[in-house]
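Structure, as C-alpha cells:
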Amino acid sequence: MFVMLFALLLSAFAMTPAKKRAPRKKTAKVEDKRVYLVHADNLHYNQYQDNGAQVLHGNVHFRHVGANLYCDSAHFYEQTNSFEAWGHVKMLQGDTLKLFSDYAYYDGNDQLAQARRNVILKHRKSTLYTDSLDYDRLYNFGNFFEGGKLVDGKSTLTSDWGEYHTDTKMAMFYYDVRLKDQKMFLTTDSLYYDTRTSTAHIVGPSRILSGSSEIYSEDGYYNTRTEHSELFGRSVVKDQGKTLIGDSVYHNAQDGTNYAYRNVILTDSVNKNMLTGDYCEYNDSTGYAMATKRAVVVDFSQKDSLFIHADTFKIFTFNNKTDSVYRKIHAYNKVRAYRVDVQAVCDSMVYSSLDSCMTMYKDPIVWNVNQQLFGEEIKVYMNDSTIDWAHVIGQAFSVEQMPDTVHFNQVSSKEMKAFFEKGQIRESQAIDNVLIVYYPVDDSDSTLIGLNYTETPLLKMFLENRKLKRIWMQKPKGTLYPMTQIPPEKYFLPGYAWFDYVRPLDKDDIFNWRPKNAGSELKEVKRREAPKNNVIQ
C-alpha cells in the first residue's frame, strides 16, 4: 500500500512543470568615488593627532576617478575622502592634463583640487602659470585669482584673475588683461581666448598694437595666429595717419587689407581728406582704397570742405612708401560735388597727385556763384589744394546769369582756359571760333545798355577781385544792339543751356542725381584723324 502511494506521488510530481527562474535584473554600476592611497614610503597614524589623518611621507601616490596624484608628503583624511599634499605636488589626468604646485588640498567628493604656490597647469599645448588655482574636475575648469599667465604657442596672456576650461579650451581673463606675441600687444579688462584657434574674443574696451597699426574695439575677434581681426560696434583701425571706422571692420595685419561695412569713414589726416560709404576697402601696404554705396570723398584742406559723391571711388597708390609716391583717385558714375563757392557734376572724374590735375569726363558742368561752365572735358590743376588753372576742352561754353536773372552773358569756343591767383580768377581765355554775347551795364544806374554780339579767334579777359578790368580780342567782329532792337536769335548762342535744375544745392543734395533734360546733352564731335599711309610696298 505504501509503495503504491509513493508511486502515485512520483508520477504527480513528474507531471507538474518546473517553474522557470526569473532573470536577474542588471544593476547600474556605481562609480567608485573613493580616494585610494596607492603608495607611500612611510605611513603614520594617531587618531588623537593630526585631526585623525594618516600621515604619509615619501613617494606618495593617490588615485581617484581616473586621475593620479603624487607628492612628497600628505595628510590623508579617509573619512572625508580628502587629503592635503606638500612638495612636488603633481596631478595627472589622462595624457592631456597636468597640474603642478608646492601645495594642494584635494576633496574627492567634490573632485576639487586647490593648488597653491608655483602652480602650473598644462593642457595640450597651453600652459597656465599662477600662485593660486582651484581646479574643478567635475566641470573641467580652473579658476585663478591672484594673477595668472597663459602661454599658448607664441602668445602670452596675463590678467589679475580668470578661468581656463579644459573641455572647451576657452580662457576667460579679467582685470588688467594683456595679450602679447612677437607681432601684437593687446590690452583690455575682459577677454575670452580660444586656445584651439588662438582667437581672442574682445568683450570690452580694448586696444591692439600690431606693427604700425593700432586698433580700438569693444566687440570683436583677433586671431593671433593669422593676425586677422573681425571687429564690430564702430571699431577703429589706425595706421600711419589713416583712420578706418565702421560698424563692421575686417583687418588683416599680414597683408594690410581692411574691409569695412556700414557707416564707414576712412580719414587721411596727412592729406586732409576723408572717404565715406557703406562699404570700403583699404590696403595698408599697397595704398589701394575703394568705397561704394553712398560713397563720398570729403576734402577739408581748405576753409570750406569739398564734398564729392559718386557710385564708386577707387584710389590707386604708386611708388608706395617711397619719396616719389603719388596717387590717382577714380570716381565714376553720377559724380556730384558741392562746396560753398563751387559745385560740379559729371559722369566720371580722375585726380592724379603726380600733376595735381583733376579731369572731369562726359558732360561736365561747373558752377561758381552765378557762373556756369561746361564742355566735353574739364581739367583743373591744383597747387597746394588751391586751384591754379583750369582747361575746358571741346565745345567750351561759359554762361553768366545777370542780376535780373533773365539775361545771360555767354562765351563759346573750342577750348577755354582760366588762371587763378590765391583762389580768385585773374585771367580767362577763349580759344578758336569764339562767339560772345555780352550785356554792357550802365555804371550810373546798373541798367543794361544793350547786347554786344562779337566773333573773334581769341579772347582774353583780365580780372581783379572778381571784377573785369580789361578785355583783349584778336580781330574782333561785332555788333552792339540796343535793348529794344535785339534780334530774337541773338539772345542765345548755339549750344546755350542753363542747368540750374542739375546743380547741387548743398552737401546732402549730392546724393540726388538729376540728369540733363533730353536733347541738351553735348553732341559728339568726331575729331579729324591723320590720313593713313597707303604706300604700296
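The values are calculated or read from the model by the stated rules, or taken from the named source; none is laboratory data. These figures come from a predicted structure and were not determined experimentally. Counting neighbours? That spans all protein chains shown, and the Cβs are built from the backbone with ideal geometry, glycine included. When the accessible area is computed, the model is the full protein with side chains, heavy atoms only, and any ligands, DNA or RNA have been set aside. Shrake-Rupley method; radii C 1.70, N 1.55, O 1.52, S 1.80 Å.
Within segment 315-329, the set of residues being open to solvent by less than 60 Å² (accessible area, probe 1.4 Å) and either part of a strand (DSSP E or B) or of a type in the set (Val, Ile, Thr) (or both) comprises 315, 317, 325, 326, 329.
Of everything in segment 46-84, what is more than 22 Å from residue 139 (Cα to Cα), of a type in the set (A, V, I, L, M, F, W, C) and assigned to a strand (DSSP E or B)? Give them in sequence order. Within segment 46-84, 55, 56, 60, 71, 74, 76 meet the criteria.
In summary, residue 279 fulfils each of the numbered conditions (1) farther than 25 Å from residue 247 by Cα; (2) surrounded by 15 or more Cβ atoms within 10 Å (Cβ to Cβ) with the single exception of condition (1).
Of the strands (runs of 3 or more DSSP E) entirely within segment 144-229, those holding at least 3 residues that are open to solvent by 40 Å² or more (accessible area, probe 1.4 Å) occupy 170-180, 184-194. For segment 73-85, does any single residue satisfy the condition of being in contact with a Leu (Cβ under 9 Å, 6 or more places away or on another chain), open to solvent by 40 Å² or more (accessible area, probe 1.4 Å) and under 29 Å from residue 173 (Cα atoms)? No, that holds for no residue. Which numbered condition trips up residue 239, out of (1) over 11 Å from the mean Cα position of the chain (by Cα); (2) closer than 30 Å to residue 141 by Cα; (3) buried (at least 16 other Cβ atoms within 10 Å of the Cβ); (4) of a type in the set (Asp, Glu)? For residue 239, the failing item is (2). Can you tell me which of (1) more than 18 Å from residue 208 (Cβ to Cβ); (2) open to solvent by 20 Å² or more (accessible area, probe 1.4 Å) is the one residue 266 doesn't meet? Against the list (1) more than 18 Å from residue 208 (Cβ to Cβ); (2) open to solvent by 20 Å² or more (accessible area, probe 1.4 Å), residue 266 comes up short only on (2). On the basis of being touching a strand residue (DSSP E or B) at 6+ places or on another chain (Cβ under 8 Å) and under 23 Å from residue 342 (Cβ atoms), does residue 420 make the cut? So residue 420 passes the test. Filtered by the rule that a residue be assigned to a strand (DSSP E or B) and open to solvent by less than 20 Å² (accessible area, probe 1.4 Å), segment 88-121 gives 89, 91, 97, 99, 101, 104, 106, 113, 115, 119, 121. Residues that are in contact with a strand residue (DSSP E or B) (Cβ under 6 Å, 6 or more places away or on another chain), touching a residue at least 24 places away in the same chain (Cβ under 8 Å) and within 20 Å of residue 35 (Cβ to Cβ) within segment 116-139 comprise 133, 135, 136, listed in sequence order.
Among the residues of segment 425-445, at least one is crowded, with 19+ Cβ neighbours inside 10 Å, modelled with pLDDT under 90 and within 44 Å of the chain's Cα centre (by Cα).
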